[in-house]
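Working notes, structure below.
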Amino acid sequence: MPNPGKPLALKLLSGSRRIGKQPPCIAIPALREVPPAPDWLINDSALEEWNRLAPLLVANGLLTEGSLSVLVHACNMHGVITRAFSAGEHLKSATLAIYRLLVNDFGLTPATRDKAVAPLSPNVANRFADRRVRAD
């Protein structure tokens, strides 16, 4: 398997002139209002998790139209875990790992909090644009 090369973000940071042609990036705007909870949440615990997380993610600009299903799956996994624990059942570690992966996408754990950053608004200027250093 060939080396995938340096990511574009690192090339830009290092000032590389070998950026090449990159595929266009489609900006997905963050939702401005909390959407209603979907009907297919599996239980009351999943609905409570939706009502807790959705406003937080909208307020921080992390919930988009494209990430709604990920949030619903995370809430449903929370419902599965809560139901199993309250019934005294033991869960497979894969169930907890899936839940952890889903909430990591939104930066909801201490380890991933700094990785989930809301995109800049298009009308916000890049304050570092005039400080570029070119390696000639």
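The values are calculated or read from the model by the stated rules, or taken from the named source; none is laboratory data. Model, not experiment: these values are computed from the prediction. Every residue, glycine as well, gets a Cβ built from its backbone with ideal geometry; the counts of neighbours run over all protein chains shown.
Of all residues in the range 35-57, those that are farther than 16 Å from LEU108 by Cβ and among the hydrophobic types (A, V, I, L, M, F, W, C) total 5. Taking the range 58-69 as the range and being assigned to a helix (DSSP H, G or I) and closer than 15 Å to ASN104 by Cβ as the test, only SER67 passes.
In this structure, GLU49 does satisfy being in a helix (DSSP H, G or I) and either among the acidic types (Asp, Glu) or within 18 Å of VAL103 (Cβ to Cβ) (or both). Listed by first and then second residue, the pairs linking a residue in the range 71-85 that is of a type in the set (Phe, Trp, Tyr) to a residue that is at pLDDT below 95 and not in a helix (DSSP H, G or I), with Cβ atoms under 9 Å apart and 6 or more places separating them unless they lie on different chains, are PHE85/LEU91. Residue-level check: of (1) over 16 Å from GLY107 (Cβ atoms); (2) at pLDDT below 95, VAL72 misses just (2). For GLU33, the criteria (1) part of a helix (DSSP H, G or I); (2) at pLDDT 90 or above hold in every case but one, which is (1). Yes or no: GLY20 among the small types (Gly, Ala, Ser), part of a loop (DSSP other than H, G, I, E, B), at pLDDT below 95 and surrounded by 10 or more Cβ atoms within 10 Å (Cβ to Cβ)? Answer is no for this residue.
Specify the residue that is nearest to GLY61 (Cα to Cα); the eligible residues are those in the range 102-117 that are in contact with a helix residue (DSSP H, G or I) (Cβ under 8 Å, 6 or more places away or on another chain) and at pLDDT 85 or above. Going through the qualifying residues, I end up with PHE106.
Beta carbons closer than 7 Å, at least 6 apart along the sequence or on distinct chains, never pair a first residue in the range 32-43 that is over 13 Å from THR64 (Cβ atoms) with a second that is assigned to a loop (DSSP other than H, G, I, E, B).
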